[in-house]
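Values quoted throughout were computed directly from the atomic coordinates according to the rules given, and no laboratory measurement underlies them. Quantities reported herein were computed from a predicted structural model and do not represent experimental measurements. When we count neighbours, we look across all protein chains shown, and the Cβ atoms used for this are built from the backbone with ideal geometry, even at glycine.
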Amino acid sequence: MMTLKRLRLALLFVSALVAGSGANGAARPYPEKPVRIVTSEPGSGNDLTSRILAHELTISVGQNFIVDNRGIMAGEIAAKSPPDGYNLVCYGSPLWLAPFLRSSVAYDPVRNLTPVILATTSPNIVVVHPAVAVKSIHELVAAATARPGELNYASGSAGSSSHLAGELFKSMAQVDILRVAYRGTGPALNALLAAQVHIMFSIAASALPFIQTGKLKGLAVTSAKRSALAPGLPTVAESGLPGYEATSIQGIFAAGGTPAAVVHLLNSEMKRALQKPEIKARLFNSGVETVGSTPEELRVTVKTEMDKLGKLIVEKGIRND
């Protein structure tokens, strides 16, 4: 792996363009000032990942990385920033699915954002209340087919991972299951625990404690492969719905047009941080698995999600204005 010193030397020419030069004309290597990571609300999964990376990069790069919680505005802030690597965004699918969900979005996630790294991934878990007499995805599909419109599932806001995972399931299984919307995943999960609804496509971190105590039944994970987060649970795809996948991911992006050398430095240092055993364990305990991809792998992942889920959003008329 290229050392930080060599990376800084490689950035001399680029930084002369994006950061200017000193009085004597000498280029100043990136980063010469604090770097901001814009993300969602305090306490969210995106916030945790941002703070872990900010702490690690502050140490390894020798410049302050600062977390700025801006919620839904995070994408626009990063996209409209100068392409110099000083404003990053850490977010999940709402960042790149926003143009499909809202009528007015002030940025293009493809043109105005540069992929840096796919940081983490996590499956949703298909859970049912113990009173629901199914033990597998195959049985759930059979029950929903036999009783169209009778079963329901709880979800958070329109376009959330719990919502899109549920609608993708309905579309691929060709079943009629009623969506019951709540203001967030917390209230939705509480409704399931109280037997007010039957099913939920819950984020793993929320569902696992209740599966372990028997308050909910876990049927399958929504990822393409089985997950270490939920050992013993099969995937939806292998349980009777081939090709099904709905995974929650966290990506780091810079402004569109950020120099490749800057992106390479950020990717290298973030990957190093995500590979540290203590970081992997901390994020795993929060309900996500570390990835540490190349920028190109994140670009392909985002495009795949936009193609598949964007089509679903349009077909179902899902809006979050």
**Item:** Among (i) 71, 44, 40; (ii) 81, 43, 37; (iii) 78, 41, 31, the entry that matches Cα extents along the principal axes in Å as calculated here
**Value:** (iii)
**Item:** Computed label-point distance, nm, for sites R147 and T58 using a 7 Å Cα→Cβ extension
**Value:** 5.3 nm
**Item:** Under 20 Å from the Cα of K276 - aspartates and glutamates, other chains or at least 8 residues apart
**Value:** D47, E56, E289
**Fill in**
Cβ density ranking, 10 Å radius, fewest first, applied to S227, S104 yields S104, S227
**Item:** Candidates V302, V288, V134, ranked by Gaussian network fluctuation over the chain, Cα under 10 Å, top entry
**Value:** V134
**Prompt:** With contacts defined as alpha carbon pairs under 8 Å and 6 or more residues apart, what's the relative contact order of the chain in percent?
**Reply:** 24 percent
**Request:** With both partners inside the range 123-239, how many of the DSSP beta bridges are antiparallel, as a percent to the nearest 5?
**Result:** 55 percent
**Mean separation of Cα contacts under 8 Å, 6 or more apart, over the residue count of the range 144-210: relative contact order %** = 41 percent
**For S155, net neighbour charge (Lys/Arg +1, Asp/Glu -1) across residues whose Cβ lies under 14 Å away** = +3
**Complete:** Listing T258, T39 by rising number of other beta-carbon atoms within 10 angstrom, fewest first, gives T258, T39
**Request:** Name the residues whose placed amide hydrogens come within less than 5 Å of the amide hydrogen of D176, ignoring near sequence neighbours (fewer than 5 apart) on the same chain.
**Result:** G149
**Asked** From the residues I177, A142, L229, which one has its Cα farthest along the dipole of the range 123-239 in the positive direction, the dipole being from +1 and -1 charges on Cβ of Lys/Arg and Asp/Glu about the Cα centre?
**Response** L229
**Complete:** GNM of the chain, Cα pairs under 10 angstrom: of K276, K80, K215, the biggest fluctuation goes to K276
**Stokes-Einstein diffusion coefficient of the range 123-239, Kirkwood radius over Cα pairs, 37 °C, 0.692 mPa s, in µm²/s** = 240 µm²/s
**Message:** Less than 14 Å Cβ to Cβ from R51, Lys/Arg counted +1 and Asp/Glu -1: what total charge do the surrounding residues give?
**Reply:** -2
**Prompt:** Picking from G292, G243, G166, which is most flexible by a Gaussian network model of the chain using Cα springs under 10 Å?
**Reply:** G243
**Prompt:** Could you give the length gained on full extension between R111 and R70, defined as 0.36 nm per residue of separation minus the Cα-Cα distance, in nm?
**Reply:** 12.6 nm
**Asked** Taking neighbour counts of Cβ atoms within 10 Å as a proxy for exposure, in what order, fewest first, do V300, V126, V262, V175 appear?
**Response** V300, V175, V262, V126
**Asked** Which lysines have a Cα less than 30 Å from the Cα of K215, not counting those fewer than 8 places away in the same chain?
**Response** K135, K170, K225, K280
**Asked** Between the helical axis of 161-173 and the dominant principal axis of the chain, each derived from Cα atoms, what acute angle in degrees is found, rounded to the nearest 10?
**Response** 50 degrees
**Prompt:** Quick one: of the DSSP bridges fully inside the chain, what percent are antiparallel, nearest 5?
**Reply:** 60 percent
**Request:** Treat every Asp and Glu Cβ in the chain as -1 and every Lys and Arg Cβ as +1, leave all other atoms uncharged, and give the resulting dipole magnitude about the Cα centre to the nearest 20 debye.
**Result:** 400 debye
**Asked** Residues with beta-carbon under 12 Å from that of T121, excluding T121: net charge, scoring Lys, Arg +1 and Asp, Glu -1?
**Response** -3
